[in-house]
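Data first, discussion second: the structure below is written as structure tokens.
The values are calculated or read from the model by the stated rules, or taken from the named source; none is laboratory data. This is a predicted model, so every value here is computed, not measured. Every residue, glycine among them, receives a Cβ derived from its backbone with ideal geometry; neighbour counts consider all protein chains shown. Accessible surface is based on the protein model in full, side chains and every heavy atom, while ligands, DNA and RNA are left aside. Shrake-Rupley method; radii C 1.70, N 1.55, O 1.52, S 1.80 Å.
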Amino acid sequence: MKELLPGLYLLPVPIPYPLKTVNLYLLKGKGEVALVDSALATRTARGTLELYLAELGLCFADVNVLLLTHHHPDHYGLGGVFEGLGARVYLHEEEFARGHRFWLEPEAFEEASWRLFLDHGTPEEALLGIRETMAKTRERVHPPRRPVPLKDGEVLEVAGRRLRALWTPGHADGHVAFYLEEEEVLLAGDALLERVSPNVGLWAYTRENPLKDFLASLKRLAELPIRVAHAGHFGPIGDVRQRAEELKAHHEARLKALLALLDHPQDAWSLSLKLFPQELDPAGRRFAFAETLAHLEYLRQEGLLLREGPPFRYLRA
Ligand SMILES: [Zn+2]
Ligand SMILES: [Zn+2]
């Protein structure tokens, strides 16, 4: 745990995913305690979080406000637990219709995901185990039942600080970053990360052009006065403008590589194998597929590609 500013703490919590750790942020002041993100319900994550809170003389029930950046399990998983103990939970309004519902109506979403994968050339054996993986994740996720919808630009006064909610879709449709305007500090969630490019995927339930959303979010953040961004994983980002440029360049290179691969019509699954030729576990493969599909749909919606099917295949316009 680290105190970043008086009353603003960084709480790194272990997660059973490749990124290893999720960063939560705790604000304490004026008799109020707020958490930004919640980790998920593994024994290790809960235990770590309990220890951090105890160091500050607090327990789970002392958290009055929980601000969720997005619905991914490592950020959102304990949402319902804090809500059950009396916390007010905030979530962006766009997340209500999509990411949040993903946890509330899993069967409908699994059905739609299955169809999307198959329509885009995914072989059935690549989907083996997907239901089991999802069931395991759901055991670790407690969705909040009555979250309060957040609107873009809304200012919250919590724990003696003013935080502006910035809708920054792309990595998740209803992703928000929390901006402490006075301090010029951004609690960035997964909108930009120090060491890796945040996954931008098109899934069965996402908005139609997540990469376009993501690039617009980067641009928006790059234009703000930000001294430092504290993100959902890894270390702080001192130069947001430069990091945004790097991430944009990374996606532009990938778009170019895809166009170069499309000398004949191909489906998204086979293109994802060429774009991400490295060895990946089944979950990693599905992320690679969703990321490839987001890039293909970006190019299609820019008029550079055509799509035929289903089953869908892409070709240069
Ligand atoms: Zn995420
Ligand atoms: Zn994350």
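The table below lists the values:
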quantity: With every protein chain in place, region 149-230: carbon and sulfur % of accessible area (1.4 Å); calculated: 47 percent
quantity: Cα-Cα separations in region 116-236 greater than 17 Å, expressed as whole percent; calculated: 67 percent
quantity: Alpha carbon centroid spacing (whole Å) that separates region 72-140 from region 203-265; calculated: 23 Å
quantity: Electrostatic dipole magnitude of the chain [Cβ: Lys, Arg +1; Asp, Glu -1; Cα centre; debye, to 20]; calculated: 120 debye
quantity: Sequence-distant residues sharing a close amide H with L150 (under 5 Å, placed H); calculated: L91, H92, E93
quantity: Only Lys, Arg (+1) and Asp, Glu (-1) charged, at Cβ; region 1-139 dipole about Cα centre in debye; calculated: 480 debye
quantity: Proximal lysines relative to K30, as straight alpha-carbon distance under 22 Å, when same-chain residues fewer than 8 apart are discounted; calculated: K2
quantity: Cα principal axis extents for the chain, largest first, Å; calculated: 63, 41, 32
quantity: Whole-number percent relative contact order across region 58-107, with pairs defined as alpha carbons under 8 Å at least 6 apart; calculated: 40 percent
quantity: Beta bridges by DSSP in the chain, antiparallel share as percent, to the nearest 5; calculated: 70 percent
quantity: Selection from I130, L66, T48 lying farthest towards where the dipole of region 2-257 points positive, charges on Cβ; calculated: T48
quantity: Peptide ranges 148-158, 274-284, 12-22 listed from the most packed, as the mean C-beta count within 10 angstrom indicates; calculated: 12-22, 148-158, 274-284
quantity: Extension gain from E139 to D263, taking 0.36 nm per residue of separation minus the Cα-Cα distance; calculated: 40.2 nm
quantity: FRET efficiency, D62 to L128 (Cβ-Cβ, R0 35 Å, nearest 0.05); calculated: 0.20
quantity: Over 21 Å (Cα to Cα) - which of K20/K248; K151/K219; K20/K136; K20/K151; K212/K256; K219/K274 fall in this group; calculated: K20/K248; K20/K151; K219/K274
quantity: Extension gain, E181 back to L255 (0.36 nm per residue minus Cα-Cα distance, nm); calculated: 23.2 nm
